[in-house]
Amino acid sequence: MKQIELNNGVQMPQIGLGVWQAKDGQEVVRAIHWALESGYRHIDTASIYKNEEGVGQAIQTALVDREQIFLTTKIWNNDIRARRTKEALKESLDRLQTSYVDLLLLHWPVDHFEEAWLALEEAYQAGQAKAIGLSNFMPEQIEKVIEIGSVIPAVNQIEYHPYLTQADVTQVCEKHGIVVTAWSPLMQGHFKNESLFADIAAAHGKTPAQVVLRWGIQRDVIIIPKSTNQGRIQENFELFDFELSTEEMQQINDLERGRRFGPDPRNFDF
Ligand code: NAD
């Protein structure tokens, strides 16, 4: 599988398993074990997903070594607001049963994100995170972090799929060498309502989901599709035996309509 090099030299697998809404315990443990069997080496969780214990258990009991797995978690908004990023990270590491995460993100740009960013820098210097970054940060907030900090964020994780590519955000990321990770890369399942994906899929002998994800791969973003179903987990990883033509990429690019399936980072209330 392809790796993307972050701005500090760390290699990040281009496909990861998203585990938002995967239940703690058996459900998330099984999903991660199936993913590792299929070849995934990257898991995306967050403290607010309330499944870090299961993620930790899955990694502990996996046949793949911890060092081979790229693990991301995120500091939740209430912890950022309460200025307890350091404590929240320790709690996450305990639940995950690991001494470090590969990537640590601020989940949303809430009040006191500047101070939280400096805490992430400390965690990075201490080796508790191999890379640090942002999620749902808009251009002006990215610039603010760069202005006050001494480490350039490695990643910004944002909603990104054929209906929403957030060019204003991705341009700022590109300018600073910040890699974009696409959340909801399968449009939270809404790709099924768009016949173009089925048409292109038929031409390649692939599935519509694989076409949507392959589009993300060819746009050079990192993708973290979510599923707890063994067949789909495997399907979502089988993206490197076909290629979309320039024309097919353009047809999918033309679907952009600024449509969000998740909350708007410029207007949210949690
Ligand atoms: P997604 O776009 O990955 O869609 C997931 C849904 O698509 C599943 O519930 C399933 O119903 C369906 N699906 C998956 N594989 C399929 C297949 N092969 N065929 C048909 N249907 C399929 O949505 P998501 O969970 O919102 O996003 C993925 C991950 O992104 C999350 O699990 C989480 O890790 C991350 N995320 C981050 C943020 C953030 O604020 N940073 C927000 C949302 C999600």
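The values are calculated or read from the model by the stated rules, or taken from the named source; none is laboratory data. The model shown is predicted, which means the values in this text are computed figures rather than measured ones. Reconstructed Cβ throughout: ideal geometry from the backbone, glycine too, with neighbour counts over all protein chains shown. Remember, those area values only see protein heavy atoms, side chains included, never the ligands or the DNA or RNA. Shrake-Rupley method; radii C 1.70, N 1.55, O 1.52, S 1.80 Å.
Between residue 204 and residue 167, the FRET efficiency from the beta-carbon distance, with R0 = 22 Å, is close to 0.25.
Between residue 5 and residue 176, what length comes free when the chain is fully extended (0.36 nm per residue of separation minus the Cα-Cα distance, one decimal in nm)? Please report the intermediate quantities before stating the final value.
On the way: separation 171, 0.36 × 171 = 61.56 nm, distance 1.39 nm.
Gain on stretching residue 5 to residue 176: 60.2 nm.
Fully extending the segment from residue 195 to residue 242 would add 15.0 nm, taking 0.36 nm per residue of separation and subtracting the current Cα-Cα distance.
Measuring spread by the Cα atoms of the chain yields a radius of gyration and Dmax of 17.7, 52 Å.
The slack between residue 20 and residue 68, meaning 0.36 nm per residue of separation minus the straight C-alpha distance, is 15.1 nm.
Relative to the compact-globule scaling 2.2 N^0.38 Å, provide the ratio for the alpha-carbon radius of gyration of segment 1-136.
Details: Rg = 14.1 Å, N = 136, 2.2 N^0.38 = 14.2 Å.
Dividing the Cα radius of gyration by 2.2 N^0.38 Å gives 0.99.
The mean accessible area for residues of the chain, using a 1.4 Å probe and ignoring ligands and nucleic acids, is 43 Å² per residue. Computed over the chain, relative contact order equals 19 percent, with contacts defined as Cα pairs under 8 Å that lie 6+ residues apart. The Rg/Rh ratio for segment 231-270 is 1.16, where Rg is the radius of gyration of the alpha carbons and Rh is the Kirkwood radius.
If you roll a 1.4 angstrom probe over the protein chains with everything in place, what fraction of the accessible area of segment 148-264 belongs to carbon and sulfur, to the nearest %?
Values: 2200 of 5000 Å².
Of all accessible area on segment 148-264, carbon and sulfur atoms account for 44 percent.
For residue 130, the lysines whose Cα comes closer than 24 Å to its Cα, not counting residues fewer than 8 places off in the same chain, are 2, 50, 74, 86, 90, 144, 175, 226.
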